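Remarks on the structure that follows.
Please treat every number below as a calculation from the coordinates, not as lab data. Everything numeric here is computed off the predicted structure, so don't read it as measured data. A quick note on method: Cβ atoms are made from the backbone with ideal geometry, for glycine too, and the neighbour counts reach across all protein chains shown.
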């Protein structure tokens, strides 16, 4: 074994990276195909390399102390405290009408555990935006904070009315004679009674716009508009027969 180290020009016990490096350098200079090469010496180098590289690495079974958190806590006589975990969020749905968005309103819901909860809906709230109630979800573990409650608003279906962004689209049904005559008409909108000027010879399906009469302004967003589609058919959920409100 020591002869193999001597052939490669190494000290006994040299590590394998040093063995590989010495073998590569000697193999380049003694290879028979190179000028000045020596086949016999090259063969000895190959055999020495094979002998040394195939020997198993020495195993260092010296026990090493474990210096982790558990070890130090044990030495200090303390137990590791369980980590706090936050509680999970819970979700629920709440059905509201468009009129609920024109004022600050409170709605009471009953949770699955029988607990009653009052939810505040701010004026002009975007119905597509989820209301988040902090710390109203499931309790935390090991002192962790409670989760949140997420309330998804669902708009009550109302015939002839839709919400697009902050704009409201509704219908106004008139007698054909009133539609053709034109003039100011009063009608009931989600925000209350409004007036709209019907142009002379208006046609069914014609759409009028009342700026700023959609959802109220909130959080830096301007109020939406109210779009009114004229019709001569049955009244919609937010437009009653004009005969009731005509002057």
Separation between the residue 150 and residue 202 pseudo-spin-labels, each 7 Å from Cα along Cα→Cβ, expressed in nm?
-> 4.3 nm
Of all the C-alpha pairs in region 162-244, what % are more than 14 Å from each other?
-> 60 percent
How much length, in nm to one decimal, is gained on full extension between residue 135 and residue 117, taken as 0.36 nm per residue of separation minus their Cα-Cα distance?
-> 5.2 nm
Starting from the Cα-Cα distance between residue 164 and residue 89, subtract it from 0.36 nm times their residue separation and give me the gain in nm to one decimal.
-> 24.1 nm
A chain fully extended from residue 20 to residue 41 at 0.36 nm per residue, minus the present Cα-Cα distance, gains in nm 5.9 nm
Determine, for 100, 178, the number of other Cβ atoms within 10 Å of each Cβ, and report the residues in order from fewest to most.
-> 178, 100
Would you kindly work out the equivalent ellipsoid of region 2-53 from its C-alpha gyration tensor and give its semi-axes, the square roots of five times the eigenvalues, largest first in whole Å?
-> 19, 10, 8
Counting only DSSP beta bridges fully inside region 74-161, the antiparallel percentage to nearest 5 is 60 percent
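Just want the ordering: 188, 179, from fewest to most Cβ atoms lying within 10 Å of their own Cβ. List each step's numbers first, then the result.
On the way: 188 18, 179 23.
With the fewest neighbours first, 188, 179 line up as 188, 179.
What number does region 90-155 give for Rg over Rh if you use C-alpha atoms and the Kirkwood radius? Intermediate values should be presented prior to the final figure.
Working: Rg = 12.9 Å, Rh = 12.7 Å.
Here Rg/Rh amounts to 1.02.
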